[in-house]
1. Could you grab the relative contact order for the range 165-212? Cα pairs under 8 Å, six or more apart, rounded to a whole percent.
2. How much net charge surrounds ARG294 when only other residues with a Cβ under 15 Å from its Cβ are counted (Lys, Arg +1; Asp, Glu -1)?
3. Among the complete DSSP H segments of the chain, which ones combine at least 30 Å of alpha-carbon extent along their axis with a mean Kyte-Doolittle hydropathy of -1.0 or more?
4. Taking every pair of Cα atoms in the range 101-220, average 1/r, invert it to obtain the Kirkwood radius, and report Rg/Rh to two decimals.
5. Using +1 on the beta carbon of Lys and Arg, -1 on that of Asp and Glu, and nothing else charged, what's the dipole of the range 170-298 about the Cα centre, debye to 20?
6. If you stretched the chain out fully between ARG221 and THR73, how much longer would it get, using 0.36 nm times the residue separation minus the C-alpha to C-alpha distance?
7. Using the heavy atoms of the protein chains and a 1.4 angstrom probe, tell me the accessible area per residue for the range 62-207 in square angstrom.
8. About the Cα centre, and with charges only on the beta carbon of Lys, Arg (+1) and Asp, Glu (-1), how big is the dipole of the range 309-460? Nearest 20 debye, please.
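The values are calculated or read from the model by the stated rules, or taken from the named source; none is laboratory data. The structure presented is a predicted model; accordingly, all values stated were derived computationally and were not measured. Heads up, the Cβs are rebuilt from the backbone with ideal geometry, glycines too, and the neighbour counts pull from every protein chain shown. To get the accessible areas, we keep the full protein, side chains included, count just its heavy atoms, and leave off ligands, DNA and RNA. Shrake-Rupley method; radii C 1.70, N 1.55, O 1.52, S 1.80 Å.
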Amino acid sequence: MPEKLRFKEKFAYGLGDTASNFYFQAFNLFLAYYYTDIFGLPSAAVGTLMFITPLLAAVMNPVIGMIADRTQTRWGKFRPYILWGSIPYGILGFLMFANPGFGPGGKLAYAYVTYTLVLFAYAAINTPYSALMGVMSSSSDDRTSLSTYRFACAFTGTLLIGWLVPELKDALAGEGGNPATGFRNTMAIFAVLSVGMFLYTFFNTRERVTAPAAQPSSARRDLADLGRNRPWVILVFAGFLTLANVGLRNGSAIYYFKYCIGSEAGLGQFNLVGFLAFIAGALSTKLFLRYFARRGLMITLTILNALALLAFYFVDPHAMPALYALNIFASFVAGPTPALVWSMYADTADFGEWRFGRRATGLVFSAAVFAQKVGLAIGGALLGWLLAGFGFVPNTTQTPEVVHGIILLYSLLPGAFALLSGFVIFFYTLDEPMVKRIERELAERQSATATPAVSSPPAS
C-alpha cells in the first residue's frame, strides 16, 4: 500500500507552482504589452521574439527530462534541480524588466538575451518540478489530489500576478509615474518570493517511486517508447492547443481593456474575479470526480470553456456585467482541467512502464512541457504578428479595424483553439478501470521481484 501523502507535503509541492506562475503568468499576461507599450519594441518584432525564443527554450525540456531521469543524488532525481535553479531563475526574471537605456537595436537584443535565459532557467527548474509529482506517490488517487494542490497554488500565483501587477506597477512607479520603474520594482518583489517558495518546496517534499531495478539507460529507447505511448501523444496534442489558446487570450487581455474598453484600470479587478473563480473550480475537482470520470469531465469542461470564450465576441466591450459573468463561468469550468490533465500525464508514465517495461517519468513530463511551450509560442507570436497586421500603433487611439482585431484575439481565436483541444481528448482511451489495473499490476511486479530485474511488458 503506497504511503499516503500528508497535507504539508502536498502544500509544499503546490507552492513550487505558485513560484513558477509568478513569472510564467507575468509573461503570459503582460510581457507583450511591456515590450510594445513600455519598452518600445515594434509589435511585429515582438511577435517574432515570442515565437523564436520559446521554441529555442522548449528544446531544453526533453533534454533536461532525460538528464533528470539519469540523475542520482541523495535528494533524488528531480528535487536537486529545484534547489540549484531557484536563485538563477529569480535573478534572470527580474533582469527581464530592468529596462536599460539602450537604443532600438540594443533593446531588441537585450529582450532576446534575457527572455532566452529566463526560459532556459524556467525549463531547468520547472521540468524536474513537474516530473516530481510522478515519483512522490504511486497512487493515482494521491497524484490527482497532489495535482489539485499544485494547481490551486499555481492559480493563486496567477491571481496575485493578474490582480496585483496592474496595481503595483502604478503604485511603485516613483515620483514621475514611470511605468518602466513600476514594472521593475514589482517584479523584484515577485522574484524574492519565488526563490523562497522554491526552497520551501525542495526542503519539504520526498521522492518515493523509482524506475524498475537495473533498467538500462537508453535515450533512443525512451524516445521510441514515448512515441508509441498513444495516451501521452493525445494529451500532448491537446496541451499544445490549450497553451496556444492561453498565450493568445492572456496576452491580448490588457490590449482589450486599454483599447477596446478604454481603460486599463479595471483589468486588475477583472483578473481577480476570474482567478478566484478559477481557484474555486480547481478546488471543486474532488467534488466533480465523485460523479464523473476524468476523461469525460475533461472533455465537457474544455468544451464549455471554449463556448464561453467564443461568446465574448458577441458581447459589447462596455457591457461589464455580461463580461464579468462570462469571465466567471469560463474561469470556473477551466479550473479543474490542469489538475486533471497533469494527473493523466502521470498515468501515461505508468502506462509506459506497464506496456514497455521501462519508466521515464522525467521525459514524459518534459516532452509534454515542450509541446505546451510550442503552443504558447504560437499563441504569443500570433498576438504580435496579428496586431501588426491589423495596423496597431501603441499608446494611440486605435482604428475600428484594429479594435475589431483585438476583440478577435481575445475571443474567437482562443475559443477555436479550446474547442479543438476538447475534440482531441475524445481520442484519449486510458479510462479509470485501465488505470487501476495498471496500478495494481505494477505493484504486483514490484512485490514479486525478489532480485533486481527489468519490468516485463504485458503479454500481447
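1. 25
2. Numbers: positive: ARG143, LYS286, ARG290, ARG295, LYS436; negative: ASP141, ASP142, ASP347, ASP350, ASP431, GLU432, GLU439.
Surrounding charge for ARG294 is -2.
3. 104-136, 140-171, 179-203, 230-255, 361-390
4. A ratio of 1.10.
5. Magnitude of the dipole: close to 800 debye.
6. 50.9 nm
7. Numbers: 5440 Å² over 146 residues.
On a per-residue basis, the range 62-207 sits at 37 Å².
8. Details: 8 positive and 10 negative charges, 76 e Å.
The calculation lands at about 360 debye.
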